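Below: the structure, in structure tokens.
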Amino acid sequence: VTEQFFVTNTGSKKYDLRTFERELLRIRKMCEDEAAAMLGPESGFYINSLSSQTITYKGQLTPEQVIQYYLDLQDPAFISHMSLVHSRFSTNTFPSWERAQPIRMMCHNGEINTLRGNKNWMYSRGGIMASDYFGNSTQQLLPATSDNMSDSGNLDSVLELLSKASDRSLP
């Protein structure tokens, strides 16, 4: 089941764009943690994107099926500055929703050979990780990596954490 909903940045506490993106990250991570606690980490619960800047269309579809499945892509009023499409049919892993591309911040087609070491480094740094914005709530965003994500999913999660929980920006 795919559901789409919209979160607005209105009301008495309107955030600037960067702060709004950070709050959406916090909300998404809290929802994922709650769902994993209630349903189990491999329940299939997955939030494609929760961003005011990016829409992630995801599906285990052929490229020709995407526009038929996501009807808003057929609307001439729907305009984007950029679009990334990733199509790959894996031969060495069983298809799964949470591992399907694209992820949230990137498309990646390759294998990260140092995955275990990188995940261990991120995990070990979790205890000292700090964000000026999130303060004591930084731990709500961790862990950034998981054995339930693909190598690309782990890279994407760390990229998202570093770009949204800090003042770093992407080129």
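Each of PHE78, PHE6, MET122 was placed along the dipole of the chain (beta-carbon charges, centred on the mean Cα), and the one lying farthest toward the positive end is MET122.
The rule of thumb for compact globular proteins, 2.2 N^0.38 Å, goes into the C-alpha radius of gyration of the chain 1.08 times.
Carbon-plus-sulfur accessible fraction, the chain (probe radius 1.4 Å, protein heavy atoms only): 55%. Working ranking of peptides 24-32, 153-161, 7-15 by packing, defined as the average number of other Cβ atoms within 10 Å per residue, highest first, is 153-161, 24-32, 7-15.
What the phi angles of the range 156-171 give under the Karplus curve with 6.51, -1.76 and 1.60, with θ = phi - 60°, is a coupling list of 4, 5, 5, 4, 5, 4, 5, 8, 9, 8, 10, 8, 5, 10, 8, x Hz, glycine and proline written as x.
Pairs of Lys residues in the chain are counted when their Cα atoms are under 25 angstrom apart and they lie 8 or more places apart or on different chains; the count is 10.
Could you provide, to the nearest whole Å², the per residue accessible area of the chain with probe 1.4 Å?
69 Å²
Between LEU39 and ASP167, what length comes free when the chain is fully extended (0.36 nm per residue of separation minus the Cα-Cα distance, one decimal in nm)?
In short, 42.7 nm is gained.
Evaluated with a Cβ-only charge set (Lys, Arg +1; Asp, Glu -1), the chain carries a dipole of roughly 400 debye about its Cα centre, given to the nearest 20.
Value of Rg to Rh for the range 1-70, rounded to two decimals, is 1.03; Kirkwood radius and Rg both from alpha-carbon coordinates. Sum up the charges of everything whose Cβ sits under 10 Å from the Cβ of ILE112, counting Lys and Arg as +1 and Asp and Glu as -1, but leave ILE112 out. Its environment carries a net charge of 0. Per-residue 3J(HN,Hα) values for the range 116-128, derived from phi via the Karplus relation 6.51 cos²θ - 1.76 cosθ + 1.60 with θ = phi - 60°, read 4, x, 5, 5, 5, 4, 5, 5, 5, 7, x, x, 10 Hz in sequence order (x marks Gly and Pro). The string of couplings for the range 52-60 from the Karplus curve (6.51, -1.76, 1.60, θ = phi - 60°) is 8, 10, 9, 10, 10, 9, 9, x, 8 Hz, one whole number per residue in order, with x for Gly and Pro.
Farthest toward the dipole's positive end in the chain, which of SER131, LEU25, SER51, given Cβ charges of +1 (Lys, Arg) and -1 (Asp, Glu) about the Cα centre? After comparing all options, I get SER131.
The values are calculated or read from the model by the stated rules, or taken from the named source; none is laboratory data. Model, not experiment: these values are computed from the prediction. FYI the Cβ positions are ideal-geometry reconstructions off the backbone, even for glycines, and counts take in every protein chain you see. Remember, those area values only see protein heavy atoms, side chains included, never the ligands or the DNA or RNA. Shrake-Rupley method; radii C 1.70, N 1.55, O 1.52, S 1.80 Å.
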